Structure formats: structure tokens, C-alpha cells
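The structure appears right after this line, and notes come after that.
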Amino acid sequence: MSDLALQRGAEPVPPGAPSNDLEGAVSRSPTERAVHAVLAACALVTVATTLGIVAVLSWETVGFFGNVSPAEFFGATEWTPLFVDGQFGVWPLVAGTLLVTALAAVVALPLGLLAAVYVSQFATARVRRVVKPALELLAGIPTVVYGYFALTFVTPVLQTVVPGLGVYNALSAGLVVGVMILPLVASLSEDALRSVPRRLGEGAYALGATEGEVVWSVTVPAALSGIVASFILALSRAIGETMIVVLAAGATPALTLDPRESILTMTAFIVNATLGDAAQGSAVFQSLFAVGLLLFVVTLAMNVGAQRIVRRFAERA
């Protein structure tokens, strides 16, 4: 550093430490500016895409509520938009979506958690190298394959043991959706369990706890935030599933909780209606966006809830 700088009161720079002039030169270089611009553009694209989707859904939904009152949409219990005197009560679609999601949760949440506990705590390294890729392989199967599997295999098997089960039903669709989201629960929960500090388990062993007590009383509670987050993200995925319910659940907008009956979910309605003759600007066409916006709000609320649960129950070592 020059004598003039020392006279002005500047502190000497330690040997080997980067100077402000060097940092400024790097940040002002054309390469750094280009990298910053590309990264900022990528971030803005994702934000702009989300805002664009919300804007389109909101605009068409406002037009829909100009033709159909919100009281009918949220209060009526019949969904017959394609009839001459159409009814636009969304609750049959909501009930069908929740029914399939509940059935999927019964399959995926306990089995996924148990699989994660086994892979992370009990399995040997050789078994883990086989089981974990096998679980993750389920996530790579196209959902249309799951749909045909539910229709052509699961439903005939269930019809032999469940009386009154129709060809199209919520039961087989929900079970197969559960199988589809099971790898998501297992993978995320396994990562959460393996991230628990080993000293927590070692301390429990030192106090005389058994292996099972360490897993269920120490490790699982310590990873609770990640496990709950995996549950909510998997259920969000189940709510938005389309092809399985389109192929296996049918297209009957019935307000029912009987899994043996044919139902219609929100995503299935969007698919079925877009294949019809809904004229652009009509109430039927605009109802697609109203249902889509409702689905977007539900999944957004679940993701926000997952983040709050993670912050609320996070345990810091």
C-alpha cells in the first residue's frame, strides 16, 4: 500500500488477502457481468412464467364468474357444465380429487416411510445399492403406463375381492397413484433420516436404548420436518395427477366418498373438457380456468404449508 494511502488512514491489507480493487476488477469484468445477466435471466424466466400462468387463469376465471356466480360455483353440489341447463357446482370435482388423494396417502405415506427407515437405518450397503435405485425407478415410469396398469390389472384383481366394484372406480386409481408417489416419500424421507447427526443415536445407545428405540424415538423425531415435508409434497403430486385418474377413475362427477364408484377429479375434467366442443369464451371453456386456478391455489397452499411445517418442526442439533 502506498504511503499516501497510509497517511489518509487506510488500514493495511494483510498479505494474501484480496484487495477491494481486485474484487472490483473481477466483478466489473465482461465475463462476470455476462454470467450474472444469464443467471438473473433464468431466475426471471421462472418468475415470469409463474406470473403468466396466474394471470391467464385469473383473467379467464374473472370472465367465468361474470357468467356463473361464485355462490353457485362454491355452493352447488352438481357439476353438469355440458348440459343445456348446466350446473357449475365444483364440489363433486373436489370430492373426487380428495378421495383419490386420501387413498393414495393410505398407500404411499406408511409404506414410503417404512421403506425409508429400512434403507437408511437397517439395510446393509449392498442391499441399499439395490433397493434405493429400485424404488426410484418407479418414479421414472410414465403415468399413462400406471393408468393402463390400474385399468387392466388392478381393477380386475380388485373386482374379485371387492363386491360392486365398477370398471372405472376411485379405488384402483387411488391405489396406483399411491404407488406412483411412493418413491417421492421414500427418497425424501430417507435423505432426511440420513441427515440426522450420528451423535444423537450414539448418545441414545450410550443410555442403553435398543436399535428400534433409537430409530423411532430419536432418529425419526429428529427428521420429522423433512418427513412431513415429503408427505405434503407427495400429496401435492397426487392432487395434480392426471393420466391415472383419466384412464382408471372414470368421468362421473359424483359427490361421493364411495371408492367403488366412478368419479371425476379436477384434472380429469380439464382433460375431458378440452377434448370436447367447448367454444372459446363460453362458460364451459372458462370453467376450465376456474377449476385450474382452484387446483393451483390448493397445491400452492400445500407447498406453503410444507415450508411452514419445516420451519416449525425443524430440530437443530
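The values are calculated or read from the model by the stated rules, or taken from the named source; none is laboratory data. The structure presented is a predicted model; accordingly, all values stated were derived computationally and were not measured. No Cβ is skipped: glycine too gets one built from the backbone with ideal geometry, and neighbour counts run over all protein chains shown. In case anyone asks, the SASA skips ligands and DNA or RNA and just uses the protein heavy atoms, side chains included. Shrake-Rupley method; radii C 1.70, N 1.55, O 1.52, S 1.80 Å.
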If you take the residues of segment 124-168 that are open to solvent by less than 40 Å² (accessible area, probe 1.4 Å) and in contact with an Asp or Glu (Cβ under 8 Å, 6 or more places away or on another chain), which of them is farthest from Leu182 (Cα to Cα)? Gly166
Tell me, yes or no, whether segment 186-203 has at least one residue that is open to solvent by less than 60 Å² (accessible area, probe 1.4 Å), assigned to a loop (DSSP other than H, G, I, E, B) and either under 26 Å from Leu82 (Cβ atoms) or not aliphatic (A, V, I, L, M) (or both). yes
Kindly evaluate Leu99 against the criterion of being open to solvent by 80 Å² or more (accessible area, probe 1.4 Å), touching a helix residue (DSSP H, G or I) at 6+ places or on another chain (Cβ under 7 Å) and either more than 30 Å from Thr210 (Cα to Cα) or not in a helix (DSSP H, G or I) (or both). no
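Quick one: in segment 204-224, which of the residues that are hydroxyl-bearing (Ser, Thr, Tyr) and either touching a Lys or Arg at 6+ places or on another chain (Cβ under 7 Å) or surrounded by 12 or more Cβ atoms within 10 Å (Cβ to Cβ) (or both) is modelled with the lowest pLDDT? Break it down stepwise before answering.
As a first pass, look at segment 204-224 and keep what is hydroxyl-bearing (Ser, Thr, Tyr): 205, 210, 217, 219.
With either touching a Lys or Arg at 6+ places or on another chain (Cβ under 7 Å) or surrounded by 12 or more Cβ atoms within 10 Å (Cβ to Cβ) (or both) added as a condition, the list becomes 205, 217, 219.
Values: Tyr205: 82, Ser217: 86, Thr219: 88.
This residue is Tyr205.
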Got a number for residues in segment 112-128 being of a type in the set (Val, Ile, Thr), out of contact with any Lys or Arg (no Cβ under 9 Å at 6 or more places or on another chain) and within 17 Å of Leu184 (Cβ to Cβ)? 1
Taking first residues from segment 53-68 that are over 20 Å from Trp79 (Cβ atoms) and second residues anywhere that are surrounded by 13 or more Cβ atoms within 10 Å (Cβ to Cβ), the pairs with Cβ under 7 Å that are 6 or more apart or on different chains are Ser58/Leu293
Meets criteria (of a type in the set (Gly, Ala, Ser), open to solvent by less than 20 Å² (accessible area, probe 1.4 Å) and within 15 Å of Phe269 (Cβ to Cβ)) for Ala104: no
Just name the residue that is modelled with the highest pLDDT out of those in segment 295-308 that are over 11 Å from the mean Cα position of the chain (by Cα) and open to solvent by less than 40 Å² (accessible area, probe 1.4 Å). Leu295
Has segment 259-279 got at least one residue that is more than 15 Å from the chain's Cα centre (by Cα), surrounded by fewer than 18 Cβ atoms within 10 Å (Cβ to Cβ) and modelled with pLDDT of 85 or more? yes
Return the residues of segment 66-94 that are touching a helix residue (DSSP H, G or I) at 6+ places or on another chain (Cβ under 8 Å), surrounded by fewer than 20 Cβ atoms within 10 Å (Cβ to Cβ) and in a strand (DSSP E or B); say none if nothing qualifies. Gln87
